[in-house]
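Throughout, read-outs are computed from the coordinates displayed, never taken from laboratory work. This structure is a prediction, so every number in the text was calculated from the model and none was measured. No Cβ is skipped: glycine too gets one built from the backbone with ideal geometry, and neighbour counts run over all protein chains shown.
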Amino acid sequence: MVVISGIIEFRNVSYSKNNNMILENISFSLKKNKYNVIIGKNGSGKSTILKLIVGLEKISGGQIFIDNEELVYKRDELYKIRKKTGIVFQESNEHIIGETVAESLIFGMENNRIPLEKMKENMTKYVKLFQLENIIDKKTVNLSGGEKQKVALAGAVITEPEIILLDEVTEMWDKVTKDKMNGIIEEFLKDGKTVVSVTHNLEEIKRSDNIVFITEEGKIVTGKSEEVNKIIEKKENTEINHEVISEYSADLTKMSLKEEEIKVKIKDISYYYEKERKIIDSFSVNIPKDSITAITGKSGTGKTTLIEIISGLAFLGENFSGEIGYNFRNENKEKEDEKLLLYKNISERELYEIRKRMGIVFQNTGEQFFSGTVLEELEYNITKKYKIKNRKSKELNDKIKEIAELFGYDEKFLMKSPFVLSGGEKKMLGLALAVCLEPEILILDEPTGALDYNMTIKFMQIVEKTKKNGTTVILVTHDENIVKQYSDYILKM
């Protein structure tokens, strides 16, 4: 019989997938009733560890023990483990089951066969705890990224599990929401829960009780050793004060631009998600050409909605008013810029002319992939952009080689399935696919949330290079470091 009380131990565990060794002969313990964090570079297997704990993936060798009972891959035993474990992954859409927030919360309790009266009690308790009263009846498809992550966390803990597994859950939250959610997690610890968090966040690492660090060589270092302390020190040196952001980025709402300086002109737009619920209200701003504009603000203020409208992905029927103008380069370089307009009930043909000039990296980047390998994903975008019909042509091979060199992809990586990549690797591939299109406007939605320090720098260096080549970049972010170091303008919502 499997009994779970919170302590987890890996003994000489190995895990491989598609002939790729992801974890090799690793051993460590996660402390009971403590805040455990797992850190390491992107692709080191951090998220995989969480999946192994709940049996979503099966180890290739070694043993996993939960409260000194070995993990057994049998249906009934796995059900008992998952019933006592709450997990939140990076891509929150994986957790959103119901049509509304209420239905999503109820689903987990029904799945765990919680009695009706207890379900009612838990709904009241956790809706209040997570401050979901204003969105409890909201359709989940209309939630912001931060709201989805909050609902996913609420759904994971509403069943009152003994172990809570978190995979980069704080990265889509503004500072106020992040502080509130961290306070809730601290209360879980006081109630005797065990928390295991995969993170790159310095504050989480500093306040943790136990650190499991996966080194670049795939070895495990635990506790606050000298090697771990070096990581903390490096992160501290990159931290900045929230109050100084405005010193580095010009506030677009307070600027006046000349017509020839404008790439996107947003004029008096309003947008409804649901009847009588206006997410954007009479909003106007001009976004400069050949620049990086950071859109910031607390969760649920319409940041993602705004970039979906700009990119032509949002539905623009009776729920939309106002207009957006674009100054696009004319394919005939001798002619003036081509001016396009986005408005209510715009035709598909007109939308296509706008969309084809865009490159987009979504929050949940995995939703952008559909091919069997990384190479096939790149080939699709390149052949589409350059109208290449022969997949064995030198032109295509040269373009693939150029992108592979820019992003550091070797032949082995190109043959990987995009669906088995780590969260950070998926983000980088999303950027690679966008860069393939040589877009005039590059839109990034929380692009660095799942990235480690080194990959964040590499990602943003490529974004900067893209800007220098004539691309206007619009990014939604809660990362103050990104705003300080890379943005030319800031738009606060």
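The order of the peptides 126-132, 143-149 by mean Cβ neighbours within 10 Å, most packed first, is 143-149, 126-132. Determine, from the Cβ-Cβ distance of residue 412 and residue 118 and an R0 of 60 Å, the FRET efficiency 1/(1 + (r/R0)^6), rounded to the nearest 0.05. FRET efficiency, residue 412 to residue 118: 0.75.
Using only the Cα atoms of the range 244-492, build the gyration tensor, take square roots of its eigenvalues as a ≥ b ≥ c, and label the shape rounded, prolate or oblate: rounded if a/c is under 1.5, else prolate if a/b is larger than b/c, else oblate. The shape class here is prolate.
Modelled spin-label separation between residue 27 and residue 343, with each label point placed 7 Å from Cα along the Cα-to-Cβ direction: 7.1 nm. Could you list, in their original order, any pairs among 74/416; 41/289; 128/298; 41/426; 31/412 whose Cα atoms are separated by more than 25 Å? Going by Cα-Cα distance, 74/416; 41/289; 31/412 fall outside the 25 Å limit. Among the chymotrypsin sites (Phe, Trp or Tyr not before Pro) in the range 366-435, those located in a DSSP loop and surrounded by at most 14 other Cβ atoms within 10 Å of their own Cβ are 370.
Among residues other than residue 448 with Cβ under 9 Å from its Cβ, the summed charge is -2 (Lys and Arg +1, Asp and Glu -1). Relative to the dominant Cα principal axis of the chain, helix 423-436 is inclined by about 20°. Search the structure for amide H atoms under 5 Å from the amide H of residue 38, placed 1.01 Å from N in the peptide plane, and list their residues when 5 or more places away or on another chain. Counting only residues 5 or more places away or on other chains, the set is 197, 198, 199, 212. Calculate how steeply helix 175-190 sits against the longest principal axis of the alpha-carbon atoms of the chain, using the helix alpha-carbon long axis, and give the answer as 0 to 90 degrees to the nearest 10. The angle comes out near 10 degrees. For a straight C-alpha distance cut-off of 19 angstrom, the aspartates and glutamates reachable from residue 219 (same-chain residues fewer than eight places away being disregarded) are 9, 24, 227, 452.
How much length would be gained if the chain were fully extended between residue 392 and residue 465, taking 0.36 nm per residue of separation minus their Cα-Cα distance, in nm to one decimal?
The residue 392-residue 465 span can extend by a further 23.4 nm.
Straightening the chain between residue 186 and residue 17 buys 57.3 nm, computed as 0.36 nm per residue apart minus the Cα-Cα spacing.
Within the same chain, lysines fewer than 8 places from residue 389 are excluded, and of the rest, those with a Cα less than 20 Å from its Cα are 356, 399, 401. Taking 0.36 nm per residue of separation and subtracting the current Cα-Cα distance, fully stretching the chain between residue 315 and residue 328 would add 2.5 nm. Among the listed options (1) 23.4, 76; (2) 22.5, 69; (3) 28.7, 87, the one matching Rg and Dmax of the Cα atoms in Å as calculated from these coordinates is (1). Here the sum of -39500 (n - 2.57) over DSSP H runs of 4 or more residues, divided by the residues of the chain, equals -10500 deg cm²/dmol at 222 nm, to the nearest 500. For the range 295-342, the square roots a ≥ b ≥ c of the C-alpha gyration tensor eigenvalues yield an a/c of 1.5 or more together with a/b exceeding b/c, which makes the shape prolate.
Quick one: what do you get for the range 379-419 if you divide its Cα Rg by 2.2 N^0.38 Å? Output field value: 1.17. Between the helical axis of 116-129 and the longest alpha-carbon principal axis of the chain there is an angle of about 50 degrees. Taken as Cα centroids, the range 1-76 and the range 378-451 sit 32 Å apart, rounded to the nearest whole angstrom. Could you tell me what percent of the DSSP beta bridges with both partners in the range 8-239 are antiparallel, to the nearest 5? Once the DSSP bridges in the range 8-239 are tallied, antiparallel ones form about 50 percent. Extending 7 Å from the Cα toward the beta-carbon at both residue 129 and residue 488 defines two label points whose distance is 4.7 nm.
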